[in-house]
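In what follows, a single structure is set out as structure tokens and then discussed.
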Amino acid sequence: MDILIVNDDGIYSPSLVSLYKALKEKFKNANITIVAPTNQQSGIGRAISLFEPLRMTKVKLDKDIYGYAVSGTPTDCVILGIYQILKKVPDLVISGINIGENLGTEIMTSGTLGAAFEAAHHGAKALASSLQMTTDDFKFSELSIPIDFTIPAKITAEIAEKYLKYDLPCDVLNLNIPEKANLNTPVEITRLAKKMYSTHVEERKDPRGRPYYWIDGYPIFEEEEDTDVYVLRRKGHISITPLTLDTTIKNIDEFRKKYKDILKI
């Protein structure tokens, strides 16, 4: 069995080693490969490097654990992992464990989900795994993230085992784990909420008095009960959302009939 691990937090995210160890314990004979960006790539979505060359370096992450650092995006990591390192589509691609949850329709901007969708596009079973953070400080603390990923990694490995066992009618599983989860935390199948953050733009002044802007947002907690936002943030349960690559509306035939005038130009 071949398992490819990628992420968007960078090659030195501590979650990579924890996830590798949990997967090795669960799938003892699996060939597990780590390929991750050289630095932080959050919010880059499914971007791919088309106009610049990519460099790849093998680095030591822990005793007997190595990974490949790629000077590109999470999507680049998937492509190089499949076509340059493994030279075949792996049985499973796990993107994560991301530092911070990935919920709602805003997953389209997530580098974690971008990598998972890219893996599914090439025919692999893809699992995106994210750990809830009640503070954003850790997300931007390179090489100094005091988070124990042991339990989230074991949860991810358990879900991965079930994902491989069943022929699920989806392309990607989006797994979100509460910050204080344990191995007995309830698991729920959810749908995407509309939003996980409210949008906020902060204007500041540089030393020359010219304005510049930071885009950020505040967490949303009020959502419908069967959504990922509600289940993770309000109930403290593990959320699994099955996703598909095809984003076409479900009732396409009805759309064709009702809006046929749109074809008259």
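Here, each number is a calculation from the coordinates, and none is a lab measurement. No experiment lies behind these values; they were computed from the predicted model shown. Note: ideal-geometry Cβ built from the backbone for every residue, glycine included; neighbour counts use all protein chains shown.
Numbers at a glance
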item: Summed side-chain charge close to residue 157 - residues other than residue 157 whose Cβ falls under 15 Å, Lys, Arg +1, Asp, Glu -1; result: +4
item: The stretch 46-119 versus the stretch 187-265: alpha-carbon centroid distance in Å; result: 23
item: Derived scalar couplings ³J(HN,Hα) [the stretch 59-75; Karplus, 6.51 cos²θ - 1.76 cosθ + 1.60; whole Hz; x for Gly, Pro]; result: 10, 8, 9, 6, 4, 6, 10, 10, x, 10, 8, 10, 7, x, 9, x, 5
item: Tally of Lys pairs whose C-alpha atoms are under 23 Å apart, taken over the stretch 145-199, 8 or more apart or cross-chain; result: 5
item: Contact order relative to length of the chain, as percent, for alpha carbon pairs under 8 angstrom and 6 or more apart; result: 18
item: Per-residue ³J(HN,Hα) for the stretch 209-220, Karplus 6.51 cos²θ - 1.76 cosθ + 1.60, θ = phi - 60°, Hz, x for Gly and Pro; result: x, 8, x, 9, 9, 10, 9, 8, x, 10, x, 9
item: For the stretch 103-212, Kirkwood radius (reciprocal of mean inverse C-alpha pair distance, Å); result: 16.6
item: Listed residue (133, 36, 187) projecting farthest to the positive dipole end of the chain, Cβ model; result: 36
item: Under the Karplus curve 6.51 cos²θ - 1.76 cosθ + 1.60, θ = phi - 60°, whole-Hz ³J(HN,Hα) for the stretch 176-184, x wherever Gly or Pro sits; result: 10, 10, x, 4, 10, 5, 10, 5, 9
item: Shape category assigned to the stretch 145-187 from the gyration tensor of Cα positions, a/c cut at 1.5; result: prolate
item: At most 16 other Cβ within 10 Å, DSSP loop - GluC sites (Glu not before Pro), the stretch 180-265; result: 222, 224, 225
item: Cα-based Rg / Dmax (Å) for the stretch 175-214; result: 19.3, 55
item: Amide proton proximity set for residue 93, modelled H, under 5 Å, gap of 5+; result: 4, 125, 126, 127
item: Percent of beta bridges antiparallel (DSSP, the stretch 114-256, rounded to nearest 5); result: 60
item: Other-chain or far-sequence residues with amide H under 5 Å of residue 98's (modelled H); result: 129, 130, 131
item: 5 angstrom amide H check on residue 171, placed H, neighbours 5+ away; result: 243, 244, 245
item: Spherically averaged projected area of the chain from its Cα convex hull (nm²); result: 18.4
item: Gain on full stretching of the segment that runs from residue 247 to residue 191 - 0.36 nm per residue minus C-alpha separation; result: 18.7 nm
item: Within the chain, percent of DSSP bridges classed antiparallel, to nearest 5; result: 45
item: Listed residues 81, 217, 114, most fluctuating in the chain (Gaussian network, C-alpha, under 10 Å); result: 217
item: Test item: Cα-centred dipole of the chain, Lys/Arg +1 and Asp/Glu -1 on Cβ, debye; result: 520
item: Ranked packing of 166-172, 59-65, most packed first, by mean Cβ within 10 Å; result: 166-172, 59-65
item: Mean Cβ neighbour count within 10 Å, used as a protection proxy, ranking 14-21, 95-102 highest first; result: 95-102, 14-21
item: Cβ-defined net charge surrounding residue 260, 15 Å radius [Lys, Arg +1; Asp, Glu -1]; result: +1
item: Beta bridge orientation in the stretch 1-149: antiparallel %, DSSP, nearest 5; result: 25
